[in-house]
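All of the numbers you see were taken from the coordinates with simple rules; none came from a lab. Quantities reported herein were computed from a predicted structural model and do not represent experimental measurements. Cβ coordinates were reconstructed from backbone atoms using ideal geometry, including for glycine residues, and neighbour counts include every protein chain displayed.
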Amino acid sequence: MADTNAKLTVNGEEYELPIIKGTLGRPVIDIAALQESGFWSYDPGFKVTAPVESKITYIDGGKGELLHRGYPIDELANNAEYLEVAYALLHGGLPTAEQKAEFFEKIREHTPVHDQLRKFFEGFRRDAHPMAIMVGVVGALSAFYHEDLDVSNEEHREITAIRLIAKMPTLAAMSYKYSQGEPFMYPRNDFNYAENFLYMMFATPADVDYEKNDVITRAMDKIFTLHADHEQNASTSTVRLAGSTGANPYACIAAGIAALWGPSHGGANEAVLEMLDEIGTVENVPEFMEKVKSREVKLMGFGHRVYKNFDPRAQVMKETCDEVLEALGINDPKLELAMALEKIALEDPFFIERNLYPNVDFYSGIILKAIGIPTSMFTVIFALARTSGWISHWLEMHSAPFKIGRPRQLYTGETRRDFVKVEDRK
Ligand code: CMC
C-alpha cells in the first residue's frame with residue numbers, strides 16, 4: 001500500500017515516486033514513473049532492486065533472521081519435518097494434522113518417475129557431474145508433462161508442485177547411482193522423505209537388510225529444511241524469470257538448477273570441501289588466508305549478499321554437524337581444519353570489516369561428507385531441497401497477474417556505423 005511519496009528531480013522535472021511498505025523490512029520506492037523521465041534505473045547485481053512482491057520468505061540480514069511464512073527457521077528446522085515446511089511454503093502456513101497426512105500421502109504417490117526417463121541417464125557419460133545430469137533430467141520432465149499441462153489452471157499447478165517435490169529425491173539418487181554404475185533403486189513408500197532419499201542413494205538390490213539410521217535421517221531432513229527457500233536469490237529469481245514467459249514449470253526448475261550450480265550460490269558447499277582438500281592441513285591455513293586477503297581466492301562458505309551479521313541457517317547447521325559427528329564417532333581432520341579456518345576468519349579484521357561470517361554451506365558440506373555423500377552430490381541435495389521454494393515462488397507468481405521479466409540495460413557498445421563489405425574491412 002502506498003504510504004507517502006518520494007520525489008525525484010531529473011533535468012529540472014520532478015517525479016512523484018510512491019513509497020510502498022510491506023509487513024516487514026525496508027519499504028520500496030516504486031520507480032515505474034521513470035518510464036516517462038527518459039532514464040532507466042541502473043543496479044548491477046540487483047543490489048537494491050525488488051522486482052517482486054512476495055509473502056513466502058522474509059530475511060533480515062542485519063539481525064540474521066530468516067522467516068518462512070512468518071515461522072523462524074531454527075524453530076522449523078528443530079521441530080518440523082521438511083515436508084511440513086514445504087507445505088507451509090506452498091500453502092501459506094503449517095498444515096493441520098489432517099492436511100499433513102493428506103499432503104504426505106500425495107507426495108508418496110508421486111515418488112516414482114516415468115520408466116522412460118531412465119533412458120535419459122544412459123545418454124550421459126558415467127563421469128558426468130550429477131548437477132549436469134539434474135539440469136538434463138529435470139528439464140526432460142517437461143517432455144513428460146507438457147501437452148496436458150495448462151499453467152493457468154490452479155489444479156495443474158498444484159499437481160506440478162507435488163510431482164516435483166516428490167520426484168526430486170528419486171532423480172537425485174538416480175544421478176548418483178548412475179555415476180557409481182549401480183542399479184537405480186525404486187522409492188520405498190513406507191519410508192519418510194529423508195529416509196527414502198538415503199535408501200535410494202545407499203541401498204542396493206542385494207542389500208536385503210538395509211538399516212535406517214535415525215540421527216542421519218534427522219540431519220538429512222534438517223539440511224533439506226535449511227535449504228528450502230531463501231526469497232529472491234539467484235536461482236529463485238531465475239525460476240521466476242523463466243516462469244514469467246509462461247514456460248513449462250519443469251523447464252523453469254531446470255533453469256533454477258543451472259543457476260544454483262555456480263560456486264557463488266549452491267555450488268559453494270562442494271567448493272568448501274575442495275578448498276579444504278587444497279589447504280590440506282592446519283599449518284597451511286595462514287598461507288591460504290594470505291591468498292584470500294590478496295583476493296587470489298575466496299574463502300568458500302563465507303560471506304552472503306544479505307546476511308551481514310550471521311547466517312541463522314549456519315547456526316542450526318553447526319549444531320547438527322556436532323550431533324552427527326558425535327553420533328557417528330567421526331574424528332575427521334577436515335573438521336579440525338574447518339574449525340581452524342572459522343576461528344581465524346572470525347577474529348581477522350579483513351573478515352570482520354567486511355562482515356564475512358560462515359554461511360549455511362560451510363557446515364553442510366562437513367555433515368554431508370560425514371554421512372557418506374560424495375562431494376559432487378552436495379549441490380544436488382541443495383537443489384532437491386530448494387525445489388519446494390522454487391515451485392512456491394512459481395506458484396505465487398502464477399496466482400496473480402504478472403508481467404514478463406524484461407530488464408533494460410546501459411548500452412556502452414559501438415554507436416551506429418555503416419556496414420563494410422568483407423573485402424574492404426581492415
Ligand atoms: N572470501 C573473501 N572475501 C570475500 C568473500 C569471501 N568468501 N566474500 C566477499 N568477500 C569480500 C569481497 O572481496 C569484497 O571485498 P572488497 O570490498 O574489499 O572488494 C567484500 O567482501 C564484499 O563482497 P561482495 O563480493 O561485494 O559481496 P556479494 O554480496 O556480492 O557476494 C557472495 C556474496 C556470497 C557471492 C560472496 O560472499 C562469496 O562469493 N562467498 C563465497 C561463496 C559462498 O560461500 N557462497 C554461498 C552463499 S550461501 C548459500 C546460497 O545462498 O547460495
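So, R0 is 41 Å and r is the distance between the beta-carbons of PHE310 and THR415; what FRET efficiency does that work out to, to 0.05? It comes out at approximately 0.25. Local charge for LYS369 was computed over the other residues whose Cβ lies under 12 Å away, with Lys and Arg +1 and Asp and Glu -1, and equals -3.
Summarising the label geometry, the points placed 7 Å from Cα in the beta-carbon direction at ASP348 and LYS212 lie 4.3 nm from one another.
If you take all other residues with their beta carbon under 12 Å from the beta carbon of HIS156, and give Lys and Arg +1 and Asp and Glu -1, the sum is -4. Entry note, the chain: the mean residue ellipticity at 222 nm calculated from DSSP H runs of n ≥ 4, each adding -39500 (n - 2.57), is -15500 deg cm²/dmol after division by the residues and rounding to the nearest 500. Of the Cα atoms belonging to the range 359-426, the radius of gyration and Dmax stand at 23.9, 65 Å.
Largest GNM mean-square fluctuation across VAL138, VAL28, VAL208, computed for the chain with C-alpha springs under 10 Å, falls on VAL208. Its relative contact order, with pairs defined as Cα atoms under 8 Å and 6+ residues apart, puts the range 5-50 at 26 percent. Which of the GluC sites (Glu not before Pro) found in the range 161-260 are in a DSSP loop and have at most 12 neighbouring Cβ atoms, other than their own, within 10 Å? Of the GluC sites (Glu not before Pro), the ones in loops of the range 161-260 whose Cβ has at most 12 other Cβ atoms within 10 Å are GLU211.
Computed from the Kirkwood radius of its Cα pairs, the Stokes-Einstein diffusion coefficient for the chain at 20 °C and 1.002 mPa s stands at 92 µm²/s. Cβ-to-Cβ counts within 10 Å put ASP229, ASP148 in ascending order as ASP148, ASP229, the fewest first. Restricting the range 109-148 to GluC sites (Glu not before Pro) that sit in a DSSP loop and have at most 13 other Cβ atoms within 10 Å of their own Cβ leaves GLU147. Extent along the principal axes, Cα only, for the range 1-158: 66, 40, 35 Å, with the longest axis given first. Between GLU102 and THR9, the modelled label-to-label distance comes to 5.9 nm, taking each label 7 Å out from Cα in the direction of the beta carbon. Take the Cα of HIS110, go 7 Å toward its beta carbon, and the backbone nitrogen atoms of the range 221-265 under 17 Å from that spot belong to 248-254. Of all complete DSSP H helices in the chain, those with a Cα span along the helix axis of 15 Å or greater and a mean Kyte-Doolittle hydropathy of 0.0 or more are 130-144, 214-226, 249-260, 268-279, 333-347, 360-371, 378-398. Comparing mean-square fluctuations of VAL48, VAL215, VAL306 from a GNM of the chain with C-alpha springs under 10 Å, the top value falls on VAL48. Taking the Cα atoms of the range 5-50, the ratio Rg/Rh between the radius of gyration and the Kirkwood radius comes to 0.99. Within the range 363-426, the GluC sites (Glu not before Pro) that combine a DSSP coil assignment with at most 12 other C-beta atoms in a 10 angstrom radius are GLU414. The label-point distance for ASP277 and GLU155, in a model that sets each label 7 Å from Cα toward Cβ, rounds to 5.0 nm.
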